[in-house]
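All of the numbers you see were taken from the coordinates with simple rules; none came from a lab. On a predicted model such as this, the values are computed, not experimentally measured, just so you know. Cβ: placed from backbone, ideal geometry, glycine included. Neighbour counts: every protein chain shown.
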Amino acid sequence: MWDPTSGIQLGPVTLHFYSLMFIFAFGFGYILMTKIFKIDNVNQKYLEPLFTWTLIGTILGARMGHVIFYQPELFKEDFWSVFLPISTKNGLKFTGFSGLASHGATIALIFTTLYYSFKIIKKNPFWVYDRLGIVVALGGAFVRMGNFFNSEIIGKPADPNSPFALLFPQQSREYGVTIPRFPSQLFEAVGYVLLFILLWILYRKTNKKYQQGWLFGLFFIILWAIRFFVEFLKEPQGDEFISFAGLNTGQILSIPFMIAGVIIMIYSKKFKITEAENAKPE
């Protein structure tokens, strides 16, 4: 039985666990990227703009991705809720963003990081992507934990005798009667933690960080493979905007990213740098 409170009560304000997980994701991400910049002897002044552009790309991209791929009707029914954490249906009220999609966040992060790479730190974008991928893998685990606390993105029905079967009394009304289900959020979170550990070991113990794009390509392949296979255990997230050959929207959108990862790893041989070239010159 999984029936947690919605958050921590701080007087008249409730700090929701989902919001807290986002705080953890960006907080630990900032700390981790600070360590990475120190390891690479990169001036810390380049850290703040990276954090800012990553935050903008993640929130805006995730929101737009959810609306475009899963809830496009909001553009007509409640336009301002697409861009602001409010609802104008049945009166104005603060709702927070109730839908975020990782595919949208990834696309937005690619573009915001391109700007950061060329205009701010002036490094090959793959250098930044390699290191950002390590942080994003850990952040993704926190986000899925937030989904678990919210009893959302729940799994398909499971055998009651399965050690993985859980009851989600707080589940959305769209799923009907509460029955044992797979904790798909936890499966995905564990996958992302293992991916983070793998990337961190490769970054620290090998020279792959000097082959710009290699770590990022591997990150893309494994992250979206995790998403692809866990989707088999997930309930659909609203109306499936895209579906083909029994695959849902999340799976179809993951395939191009996995292919891109393979291509990036192959071409990363052309972007090798030396240890001396790795540090940002002043």
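The length gained on full extension between K269 and K205, counted as 0.36 nm times the residue separation minus their Cα-Cα distance, comes to 21.2 nm. Relative to the dominant Cα principal axis of the chain, helix 214-230 is inclined by about 10°. Taking 21 Å as the straight-line reach from the Cα of K89, the lysines in range (excluding those fewer than 8 positions away in the same chain) are K76. Taking 0.36 nm per residue of separation and subtracting the current Cα-Cα distance, fully stretching the chain between D40 and S19 would add 4.4 nm.
Shape of region 182-264 from the C-alpha gyration tensor: oblate (a/c of 1.5 or more and a/b not above b/c, with a ≥ b ≥ c the square roots of its eigenvalues). With a threshold of 19 Å on the Cα-Cα distance, the over-threshold entries among K38/K119; K208/K270; K35/K270; K119/K208 are K38/K119; K35/K270; K119/K208.
Quick check: the angle from helix 17-39's long axis to the longest principal axis of the chain, C-alpha only, nearest 10 degrees? Compared with the principal axis, the helix lies near 10 degrees. Put simply, when 245-254, 130-139, 199-208 are sorted by average Cβ atoms within 10 angstrom per residue, most first, you get 130-139, 245-254, 199-208.
In the chain, the longest principal axis of the Cα atoms and the axis of helix 102-115 are about 30 degrees apart.
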